Amino acid sequence: MASAIPIEWHQINTVFLDMDGTLLDLHFDNHFWLEHMPKRYAEKNNISYQQASDILIRHSESTQGSLDWYCLDHWTNTLDLDVIALKHEVADKIAIRKNVIQFLTHLRTLNKRIVLLTNAHTDSVKLKFSYVELESYFDTVITSHDIGLAKEELGFWEALAHHEKFDKKHSMFIDDNFDVLDNAKQIGIKYLLTISQPDSKKPIKNTDNYVAIEDYQQLIY
Ligand SMILES: [Mg+2]
């Protein structure tokens, strides 16, 4: 079993948590965007899977890291596909990572403020909450669409401060995206952790710059 990750819990008031790849298995999202969407897009446009995949990758590269990239309306309009309806088709792959519920319950007993902080579109968050029981564990849910900037964009944390009071020296943030963590580090969020294997079907990532969680049990003690 992976060993405990030492944290000065008494120093932490707020715990910000990413959703996809952090609390939920990223396999759903990877499967959806890299396999299911190209398949459906190919069928709709009478092109090959490879052609569809190339088109989607090109669209994706031009917006990556921006709010548009995370925006379902953007994809629905650009591709003329009902993205949410397609997500429902493969929703059986939406899964909470191991020991996440135990961890959230533990944070509650420690009296921490628990904030879901996601780049996912509100409709995507709602869809996930309708398949897995997660919503009730948060004090509040904030999406980057509420803020107007993606988590990896400059000014995100300053803008977040208008929505949520927090002290960066007493905040923890867990996210599987290094650009997002780098941005948080730069403005001084003190306790940063990442995830060693965001997608359960992919290899363990190289996470040298941040302490990585293998199993949330490592944070429960
Ligand atoms: Mg993530």
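Quick look at the values:
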item	result
Criterion violated by Glu89 - all others in (1) under 24 Å from Asn183 (Cβ atoms); (2) among the acidic types (Asp, Glu); (3) touching a residue at least 40 places away in the same chain (Cβ under 8 Å); (4) surrounded by fewer than 17 Cβ atoms within 10 Å (Cβ to Cβ) satisfied	(1)
Candidate set: the range 60-74, residues that are surrounded by fewer than 17 Cβ atoms within 10 Å (Cβ to Cβ) and of a type outside the set (S, T, N, Q); chosen: the one nearest to Gly148 (Cα to Cα)	Asp68
Matching strands (runs of 3 or more DSSP E) fully within the range 122-211 where at least 1 residues are crowded, with 18+ Cβ neighbours inside 10 Å and away from the ligand (no atom under 16 Å from the Cβ)	171-174, 191-195
Odd one out for Val15 among (1) under 26 Å from Leu127 (Cβ atoms); (2) in a helix (DSSP H, G or I); (3) not polar (S, T, N, Q)	(2)
Filter result (modelled with pLDDT of 85 or more and among the hydroxyl-bearing types (Ser, Thr, Tyr)) within the range 67-80	Thr76, Thr78
Members of the range 1-17 found to be hydrophobic (A, V, I, L, M, F, W, C) and more than 16 Å from the ligand (Cβ to nearest atom), listed by number	Met1, Ala2, Ala4, Ile5, Ile7, Trp9, Ile12
Helices (runs of 4 or more DSSP H) (entirely within the range 18-91) containing at least 3 residues that are within 16 Å of the ligand (Cβ to nearest atom)	27-31, 67-70
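The values are calculated or read from the model by the stated rules, or taken from the named source; none is laboratory data. Since the model is a prediction, treat every value here as computed from it, not as a measurement. Backbone-built Cβ (ideal geometry, glycine too); neighbour counts: all protein chains shown.
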